[in-house]
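K.L.:
So that we are looking at the same thing, I have put the structure below in structure tokens.
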């Protein structure tokens, strides 16, 4: 894995978060493997498999509402030539129900796998907001 791959994986991770922010289901789905797995707070400790669980949030306009995300200290760890882990702290700025600004923090790990020359998001783990 080379420096170009590292940059591409960071760009793809940022693009994925843009899709979530914009509730852009088609672009999100194009970046993800259909058998995507995850652990995230919304799943209440259960391993989620596939994309249908996530589609609900996209179709309802997103569970974070209008927000902006910032990746802090992103790190790419290659797992051979065709897989990598991208981990970072994600700061999410949003307008709270009371109209005031708020910032949440999540620790995220995203696993990408290259198949037929294209990177696909295959697994993630996102912490609860802290």
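K.L.:
Any residue in region 41-57 that's at positive phi and exposed (fewer than 10 other Cβ atoms within 10 Å of the Cβ): show its pairings with residues that are part of a strand (DSSP E or B) and modelled with pLDDT of 95 or more at Cβ separation under 8 Å, as long as the two are six or more apart or on different chains.
P.N.:
45/39
K.L.:
Do we find that residue 15 is in a helix (DSSP H, G or I) and at pLDDT 95 or above in this structure?
P.N.:
Criteria met by residue 15.
K.L.:
Let me ask something else. Can you say whether residue 80 is at pLDDT below 95 and over 21 Å from residue 122 (Cβ atoms), as far as the supplied structure shows?
P.N.:
When the stated conditions are applied, residue 80 does not pass them.
K.L.:
Look through region 1-34, keep the residues that are in contact (Cβ under 8 Å) with a residue 60 or more places away in the chain and more than 15 Å from the chain's Cα centre (by Cα), and return whichever of them is farthest from residue 124 (Cα to Cα).
P.N.:
Among them, the one singled out is 1.
K.L.:
Quick one: is residue 35 loosely packed, with under 12 Cβ neighbours inside 10 Å and outside any loop (DSSP other than H, G, I, E, B)?
P.N.:
For residue 35, the condition - loosely packed, with under 12 Cβ neighbours inside 10 Å and outside any loop (DSSP other than H, G, I, E, B) - is met.
K.L.:
To continue, here is another question. Which condition from (1) crowded, with 16+ Cβ neighbours inside 10 Å; (2) farther than 15 Å from residue 111 by Cα; (3) modelled with pLDDT of 95 or more is the one that residue 20 breaks?
P.N.:
Every listed condition holds for residue 20 apart from (3).
The values are calculated or read from the model by the stated rules, or taken from the named source; none is laboratory data. What you see is a predicted model, and the numbers here were worked out from it, not measured in a lab. Please note: Cβ atoms are built from the backbone with ideal geometry, for glycine as well, and neighbour counts cover all protein chains shown.
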